[in-house]
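Trainee: Sharing a structure here in structure tokens format.
Values quoted throughout were computed directly from the atomic coordinates according to the rules given, and no laboratory measurement underlies them. Not measured: the values here are computed from a predicted model. Note that each Cβ is placed from the backbone with ideal geometry, even for glycine, and that neighbours are counted across all protein chains shown.
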Amino acid sequence: MKKYITTRLIIFSIFLLGLSIFLHIYKLGEIPHGLHVDESSIAYNSFCILETGRDEHGKRFPLFFECFGDYKNPLKIYMLVPVIKIFGMEKVVIRSISVVFHILASFLFCFLAWKYLSNTWISILAGFVFSILPWTFPVSRLLFGHTIFLLLFILSCFFIFKMLDTNKII
């Protein structure tokens with residue numbers, strides 16, 4: 001009986017993982033149409049760093065990138081540089097880094113739920129629901145800095161809960 005439940009759990013997990021990845025990459029280069037101003041500035045600065053080691057204003061490897069009167073976080077820009085080097089400057093390639101971070105955040109959320117809920121079925125379902133939430137799903141298809149911060153936030157929650165479990169800070 002235990003082997004039957006484990007097999008069903010694996011099949012259910014693979015199905016939800018495949019569905020989540022499919023929903024995130026389906027027509028990634030077409031929906032939403034065009035590139036947002038922030039997406040294009042991040043991609044252009046990544047391309048400039050790749051080609052010259054300088055941003056669009058000529059600053060060498062800056063800590064923050066000035067774009068259209070505000071400043072962009074450099075984490076996505078620097079992480080996009082090798083992706084552009086390998087795959088080129090296509091909309092799908094540019095937006096794929098956000099999808100990867102969002103899927104990783106969903107896995108980490110699933111693991112966090114499994115660790116603290118101790119119910120494998122609920123944790124897998126929680127990870128899937130987290131990956132398609134209406135307030136995070138559309139942002140995961142755009143090249144903004146939100147998905148990497150979501151991943152880092154869940155990772156920090158995991159480490160804080162781990163420290164609380166081992167009573168290191170109390």
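Trainee: Contact order normalised by length for the stretch 48-101, with contacts defined as Cα pairs under 8 Å and 6 or more residues apart; what percent is it? Write down the numbers at each step before the final one.
Mentor: Details: 38 pairs, mean separation 11.7, N = 54.
Computed over the stretch 48-101, the figure is 22 percent.
Trainee: Shifting gears a bit: For the chain, modelled as a Gaussian network with Cα springs under 10 Å, which listed residue fluctuates most, Leu80, Leu152, Leu133?
Mentor: Leu133
Trainee: Quick one: how many lysine pairs in the stretch 1-110 have C-alpha atoms under 27 angstrom apart, if they're 8 or more apart or on different chains?
Mentor: Total qualifying Lys-Lys pairs in the stretch 1-110 comes to 12.
Trainee: Let me test this: with uniform point scatterers at the alpha carbons of the stretch 27-73, what is the Debye-based log₁₀ I(q)/I(0) at q = 0.16, 0.17, 0.18, 0.29 1/Å?
Mentor: Ignoring solvent entirely, the Cα scatterers give -0.46, -0.51, -0.56, -1.04.
Trainee: In a GNM of the chain with a 10 Å cut-off on Cα contacts, which of Phe130, Phe22, Phe101 has the highest mean-square fluctuation?
Mentor: Evaluated over the chain, the most mobile residue of the options is Phe22.
Trainee: List the relative contact order of the chain as a percent without decimals, with contacts defined as Cα pairs under 8 Å and 6+ residues apart. Walk me through the numbers before you get to the answer.
Mentor: Details: 165 pairs, mean separation 38.2, N = 170.
Taking the mean separation of contacting Cα pairs over the length of the chain, I get 22 percent.
Trainee: I would also like to ask the following. Any idea what the alpha-carbon Rg over 2.2 N^0.38 Å comes to for the chain?
Mentor: Cα Rg divided by the expected 2.2 N^0.38 Å: 1.22.
Trainee: With each run of n ≥ 4 DSSP H residues scored as -39500 (n - 2.57), what mean residue ellipticity at 222 nm is computed for the chain after dividing by its residue count and rounding to the nearest 500 deg cm²/dmol?
Mentor: Values: 7 runs with 117 residues, N = 170.
Dividing the helical sum by the residues of the chain leaves -23000 deg cm²/dmol.
Trainee: Another one. Which of Ala113, Ala43, Ala105 ends up with the largest GNM mean-square fluctuation for the chain, with Cα atoms connected below 10 Å?
Mentor: Maximum fluctuation in the GNM of the chain, among the listed residues, is at Ala113.
Trainee: Leu23 to Glu56: FRET efficiency via 1/(1 + (r/R0)^6), r the Cβ-Cβ distance, R0 41 Å, to the nearest 0.05?
Mentor: Details: r = 34 Å, r/R0 = 0.82.
FRET efficiency, Leu23 to Glu56: 0.75.
Trainee: Which of the DSSP-defined H helices in the chain satisfy a minimum axial length of 30 Å, computed from C-alpha atoms, and a minimum mean Kyte-Doolittle hydropathy of 0.0? Display every interim value, and only then the final one.
Mentor: Numbers: long enough: 2-25 (34 Å, 1.43); 91-117 (39 Å, 1.58).
Going by DSSP H runs, the hits are 2-25, 91-117.
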